[in-house]
1. Can you find even one residue in region 223-235 that is without any contact (Cβ under 8 Å) to a residue 12 or more places away in the chain and of a type in the set (A, V, I, L, M, F, W, C)?
2. If PHE330 satisfies every condition in (1) open to solvent by less than 70 Å² (accessible area, probe 1.4 Å); (2) at pLDDT 90 or above; (3) in contact with a Cys (Cβ under 8 Å, 6 or more places away or on another chain) but one, which is the exception?
3. Kindly indicate whether any position in region 161-176 is free of Cβ contacts under 8 Å to residues at least 60 places away in the same chain, more than 16 Å from the ligand (Cβ to nearest atom) and either open to solvent by 10 Å² or more (accessible area, probe 1.4 Å) or more than 16 Å from the chain's Cα centre (by Cα) (or both).
4. If you take the residues of region 263-273 that are touching a residue at least 40 places away in the same chain (Cβ under 8 Å) and out of contact with any helix residue (DSSP H, G or I) (no Cβ under 7 Å at 6 or more places or on another chain), which of them is nearest to the ligand (Cβ to nearest atom)?
5. How do the helices (runs of 4 or more DSSP H) wholly within region 126-245 filter down when requiring 3 or more residues that are modelled with pLDDT of 95 or more: which remain?
6. Counting just the residues of region 246-288 that are within 23 Å of the chain's Cα centre (by Cα) and surrounded by fewer than 15 Cβ atoms within 10 Å (Cβ to Cβ), which one comes out modelled with the lowest pLDDT?
7. In region 82-93, what count of residues is obtained for those that are open to solvent by 40 Å² or more (accessible area, probe 1.4 Å) and within 13 Å of ASP153 (Cβ to Cβ)?
Amino acid sequence: MTSLAQQRQDSDFRDDSSDRTSQPVAASTDDRYSRQVLFRGIGEEGQRKLAASRVAIVGCGATGSSLAGLLARAGVGTLRIIDRDFVEPSNLQRQSLFDENDAAESLPKAIAAARKIAAFNSQIAVESKVDDLVPGNIEALLEGMQLILDGTDNFETRYLINDYAVDRSLPWVYSAAVGSYAVTLNVLPTETACLACIFPDSPRGMVETCETSGILNSAVNLVASIAATEALKLLVGGRGSPNLRRTLLSFDLWTNDHAEISATKPRPGCRACGERDFIHLRGEGRPHITLCGRNSVQIHERQRPIDFAELNSRLKPHGLVRHNDFVLKFWRDPYEMTLFPDGRAIIKGTTDTAVARSLYARYVGS
Ligand SMILES: [Zn+2]
């Protein structure tokens, strides 16, 4: 009895409120950012600048998830999330935008991230790009962005971002975390050191990765918090913001060792920002097949649009296969192939590029 009366009251109230106010969203916006506007580094004007800002996050794994979550909640108006991968159970320990359903559905991370963000901030625009950032598409994928944030897990992509950013004089923030160690650098082309000033070549030999050394989720959140805050300073105060950090900062959360290396000036003779020789942007020596993570190979195809329904029925006799709108998965012991609509594939169960290539040719096409 009471509940029926209550229901009627509730629905009356809803009808009333929608008649009364034509902009119910505006009122909640003011409230949403009220604590951030109170912070004197942001203020009303800063909040308006954030709403008009356009930021790209390249890679939406652990660091990218945290960056995207922080900046989406802070009200950055447009976030473009670029990621080539799909959600797996082993991601859930640290990749804060994903849940068990995303992993069960093998959703592409860029799609799952946008869905999650829409649930807590539907007032900003999130552009999902399920793609591998490479020289051939970097211009299209980063067009119109005013700041690039690094959520990648490899130096190849970071050097590519660095070349692009230096060429366009766009600021970007390098971030990395492995084990309990976090490191980050703001790159302000022509003013500060770039990534190639500090690391002229990518580390050789055995390099620690999340696959070999593991990772603490707190190291990820630390580096993302620092990088996201530097992003806010840049978006609100511009490059002249006096509090922008001009060092390479590293911190080991387990041992408490920390260090800062000055990065205030470009290194004379730097290939990228000194000689403006953009070898990574030109894609020199870049393999079409790259290893990504443990025991898997990625195959890039230039453009091979795939009809999932058709391929699904073609693959059925050869193994377990299922698909949704975003990915098709095919299991053939001991391999697991994940295909994207543009023809890109990630093949698990081998690190041998020849094996991966032949599986792809046999089941998808050569
Ligand atoms: Zn440089």
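1. Just the residues of region 223-235 that are without any contact (Cβ under 8 Å) to a residue 12 or more places away in the chain, to begin with: 229.
With of a type in the set (A, V, I, L, M, F, W, C) added as a condition, the list becomes none.
No, the conditions are met nowhere in region 223-235.
2. The single condition PHE330 does not satisfy is (3).
3. No, region 161-176 contains no residue that is free of Cβ contacts under 8 Å to residues at least 60 places away in the same chain, more than 16 Å from the ligand (Cβ to nearest atom) and either open to solvent by 10 Å² or more (accessible area, probe 1.4 Å) or more than 16 Å from the chain's Cα centre (by Cα) (or both).
4. Filtering region 263-273 for residues touching a residue at least 40 places away in the same chain (Cβ under 8 Å) gives 263-267, 270-273.
Now drop any that are not out of contact with any helix residue (DSSP H, G or I) (no Cβ under 7 Å at 6 or more places or on another chain), which leaves 264-265.
Values: THR264: 12, LYS265: 10 Å.
If we take residues in region 263-273 being touching a residue at least 40 places away in the same chain (Cβ under 8 Å) and out of contact with any helix residue (DSSP H, G or I) (no Cβ under 7 Å at 6 or more places or on another chain), then LYS265 is nearest to the ligand (Cβ to nearest atom).
5. 138-142, 155-168, 195-198, 217-237
6. Of everything passing the filter in region 246-288, HIS288 is modelled with the lowest pLDDT.
7. Selection size over region 82-93: 2.
The values are calculated or read from the model by the stated rules, or taken from the named source; none is laboratory data. Because the structure is predicted, anything quoted here is derived from the model rather than measured. Counting neighbours? That spans all protein chains shown, and the Cβs are built from the backbone with ideal geometry, glycine included. To get the accessible areas, we keep the full protein, side chains included, count just its heavy atoms, and leave off ligands, DNA and RNA. Shrake-Rupley method; radii C 1.70, N 1.55, O 1.52, S 1.80 Å.
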